[in-house]
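The block underneath contains the structure these notes are about, expressed in structure tokens.
The numbers here are math on the coordinates, done by the rules we state, and not lab data. Source: prediction; values computed, not measured. Neighbour counts run over all protein chains shown; Cβ positions are idealised from the backbone, glycine included.
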Amino acid sequence: MFGEHRIPLTISVGDLSLNLIKYDEFYRYRRESSDSHVEKILLQEPERIILSPVEPLNLLHRITPYLQIEFLTTVVASPGETQSVFLSFPIEIGVFFPVRNAFDLLDTISLSRKKLTLYGSPRGGHITRYWQSSVHHSAPKANSLYEGILKLEIVNETDRWVPVKKTVLDAHGMKIYHKTDLATAQARMEVTSENKAETEFIESPIEQGMKSSIELFKLGRLAVSSTRYYMGEGI
């Protein structure tokens, strides 16, 4: 589903139905799922549209840019070692028009459940988008309508075995790569003590041949000086 599509367009995958077809002298875009319906009239036929997985916080960007993934099973990191695990993460899907060397956004689709929680104290903590994930030693199968696969590199900089139950990431630095039926990302978590860590996304696909997705946060919506996140309230 991800990638470029010519007009007229009709896609039906699982719970999602997308249509962009001629309607009288105009063109009608319609998106339907079990809990949403969007319809727009385009005054001119676009050459093509692009479906791209995007950061899973665009529909919440006025609330939070932070994603918190809680592990369904605690990971115990070895002293002084760097090890990787695979997790799932929620995705949104952007529907774009190519315009010269840029992109215009037509629609943002989110089928995965949106839940907010607080990381840290009520006074100094951050609201985050909350997601739970199983832990895998290799990339699992994923339903690309709802989720992508995150490869998380855990670097234990301490001399102790450290339990890790979650990670919090700043989506401003998120780099998503995709192929037709899969969205992926990579991140690094540097554990500095038994309850502190720093995290950041890595700009690299988890396998060769994947395409870089369009970054909505880079299209002028938000600007930040740092994309590292300091986890000082527990890991």
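Key figures
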{"quantity": "Coil-residue trypsin sites (Lys or Arg not before Pro) of the range 75-164, DSSP, other Cβ within 10 Å capped at 16", "calculated": "R100, R113, K114, K115, R123, K141, R160"}
{"quantity": "Cα centre as origin, Lys/Arg/Asp/Glu Cβ charges: the chain dipole, Debye", "calculated": "300 debye"}
{"quantity": "Residue pairs, from the table K151/K211; K141/K179; K114/K175; K165/K211, whose Cα atoms sit over 25 Å apart", "calculated": "K165/K211"}
{"quantity": "Top of I109, I41, I154 by mean-square fluctuation, Gaussian network on the chain, Cα under 10 Å", "calculated": "I41"}
{"quantity": "Cβ-derived FRET efficiency at R0 22 Å, T74 paired with S121, nearest 0.05", "calculated": "0.50"}
{"quantity": "Distance between the range 1-56 and the range 156-191 - C-alpha centres, whole angstrom", "calculated": "32 Å"}
{"quantity": "Loop-resident sites, the range 69-177, for GluC sites (Glu not before Pro), counting at most 12 other Cβ within 10 Å (DSSP)", "calculated": "E81"}
{"quantity": "Residue of P122, P205, P90 that the Gaussian network model of the chain assigns the largest fluctuation, springs spanning Cα pairs under 10 Å", "calculated": "P122"}
{"quantity": "Net lengthening on full extension, E4/R62 (0.36 nm per residue, minus Cα-Cα)", "calculated": "18.0 nm"}
{"quantity": "Relative contact order (percent, whole number), the range 1-51, Cα cutoff 8 Å, 6+ residue spacing", "calculated": "37 percent"}
{"quantity": "Length released on extending from S84 to E45, taking residue separation times 0.36 nm less the Cα-Cα span", "calculated": "9.5 nm"}
{"quantity": "Loop trypsin sites (Lys or Arg not before Pro), the range 4-94, which have at most 11 other Cβ atoms in a 10 Å radius of their Cβ (DSSP)", "calculated": "R62"}
{"quantity": "Top of V164, V191, V38 by mean-square fluctuation, Gaussian network on the chain, Cα under 10 Å", "calculated": "V38"}
{"quantity": "Cβ crowding within 10 Å averaged over residues, with 50-61, 173-184 ranked highest first", "calculated": "50-61, 173-184"}
{"quantity": "Whole-number percent relative contact order across the range 1-157, with pairs defined as alpha carbons under 8 Å at least 6 apart", "calculated": "23 percent"}
